[in-house]
Amino acid sequence: MDALIVIDMQPDFCPGGALAVAGGDDIVAPINAMMDRFGIVVATQDWHPADHSSFADVQGQPPYSQMEMPYGPQVLWPRHCVQGTLGATLHPKLRSDRADLILRKGFRPEIDSYSAFFENDRVTPTGLDGYLRNRGVTDLVLCGLATDFCVAYSAMDAAKAGYRVRVAMNACRAIDLNGSLALACDAMRASGVILEE
Ligand code: VGL
Ligand code: ZN
């Protein structure tokens, strides 16, 4: 059984949004077109409280700086995907009616969650592994935003959990902060993730 995992297709990650990823909305159409080929579709939503610790303004630090958290280093982002705001909804053109499960992550103020499987402390599970396993899923294709953060962390955790994992690179876009895209691609390949066009 294979599942399509659509990562964080939200207006805040698209041009005009709070943490805009270049070309973010170009991938809505390819993602919509892929959906019918999968038995299961899961969509994730980055879903932060207003006082989230990954927000630069909450920490009084410049955006894109790094901060040491109890769980390790954390990039501080411009405030984005605040619960209940328009920027945090699923993209209006995404066929979100096709999603069996919509999984929210990053809702604990003290910890970020790039991965759809584990929060950034790398031990707190989101529950997605249990859901997929329970439905008999063995193979995953990931797409969405952003290639080098939430897609990459999710793909590597999925590979570690034993799924066969492919990333549909033409249906992803990257933030590419200080070479993070190349690093993420190398790390994904090293984890056994297949990057396909
Ligand atoms: C993401 C940075 C902060 C992502 C989420 O979806 O890749 N990146 N929050
Ligand atoms: Zn976030």
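The values are calculated or read from the model by the stated rules, or taken from the named source; none is laboratory data. Keep in mind that this is a model prediction, so the values were computed, not measured. Every residue, glycine as well, gets a Cβ built from its backbone with ideal geometry; the counts of neighbours run over all protein chains shown. The area values use the complete protein model at the heavy-atom level, side chains included, leaving out ligands, DNA and RNA. Shrake-Rupley method; radii C 1.70, N 1.55, O 1.52, S 1.80 Å.
Report the extension gain between R104 and V58 in nm, rounded to one decimal, defined as 0.36 nm multiplied by the number of residues separating them, less their alpha carbon distance.
The R104-V58 span can extend by a further 14.5 nm.
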* To do: Take the Cβ-Cβ distance between R189 and R122 as r, set R0 to 30 Å, and report the resulting FRET efficiency rounded to the nearest 0.05.
  => 0.90
* Asked: the range 16-74 to the range 134-197: how many Å between their Cα centroids?
  -> 14 Å
* Structure fact -> GNM of the chain, Cα pairs under 10 angstrom: of V58, V21, V123, the biggest fluctuation goes to V123
* Asked: If you line up the Cα atoms of the range 91-150 on their principal axes, what length do they span on each, largest first, in Å?
  -> 32, 29, 20
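How long are the three semi-axes of the equivalent ellipsoid of the range 137-197, in whole Å, if each is the root of 5 times an eigenvalue of the C-alpha gyration tensor, listed from largest down?
On the way: eigenvalues 64, 28, 16 Å².
In descending order, the three semi-axes are 18, 12, 9 Å.
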* Once the range 19-64 is represented by equal point scatterers at the alpha-carbon sites, with solvent omitted, what log10 I(q)/I(0) does the Debye formula produce at q = 0.30, 0.32 Å⁻¹? -> -1.12, -1.16
* **Selected from A99, L128, L142, residue furthest toward positive end of dipole (the range 90-197; charges at beta carbon)** => A99
* Give the percent of DSSP beta bridges with both residues in the range 1-135 that are antiparallel, rounded to the nearest 5. => 30 percent
* Please work out the average accessible area per residue across the chain, using the 1.4 Å probe convention, and give it in Å². => 43 Å²
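Per residue, how big is the convex hull of the range 1-126 when only Cα atoms are used? Give it in Å³.
Working: hull volume 13.2 nm³, N = 126.
Value for the range 1-126: 105 Å³ per residue.
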* Asked: Along the positive direction of the dipole of the chain (beta-carbon charges: Lys, Arg +1; Asp, Glu -1; about the Cα centre), which of L19, S115, M1 reaches farthest?
  -> M1
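With an 8 Å Cα cut-off and a minimum separation of 6 or more residues, compute the relative contact order for the chain in percent.
Details: 437 pairs, mean separation 48.1, N = 197.
After rounding, I find 24 percent.
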* Pairs of alpha carbons in the range 83-197 whose separation is greater than 16 Å (percent) -> 63 percent
* Relative to the longest principal axis of the chain, what angle (0 to 90°, nearest 10) does the C-alpha long axis of helix 180-190 take? -> 40 degrees
* Asked: Between D36 and Q83, what length in nm is gained on full extension when 0.36 nm per residue of separation is reduced by their alpha carbon distance?
  -> 14.0 nm
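Could you look at the chain and say what percent of its accessible area is carbon and sulfur, using a 1.4 Å probe and all protein chains?
Working: 4550 of 8430 Å².
The C+S portion of the solvent-accessible surface of the chain is 54 percent.
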* What length, rounded to one decimal in nm, is gained on full extension from D176 through to A29, with 0.36 nm per residue of separation minus their alpha-carbon distance? -> 50.7 nm
* **MRE, 222 nm, helices only [DSSP H, n ≥ 4, -39500 (n - 2.57), over the chain, to nearest 500]** => -5000 deg cm²/dmol
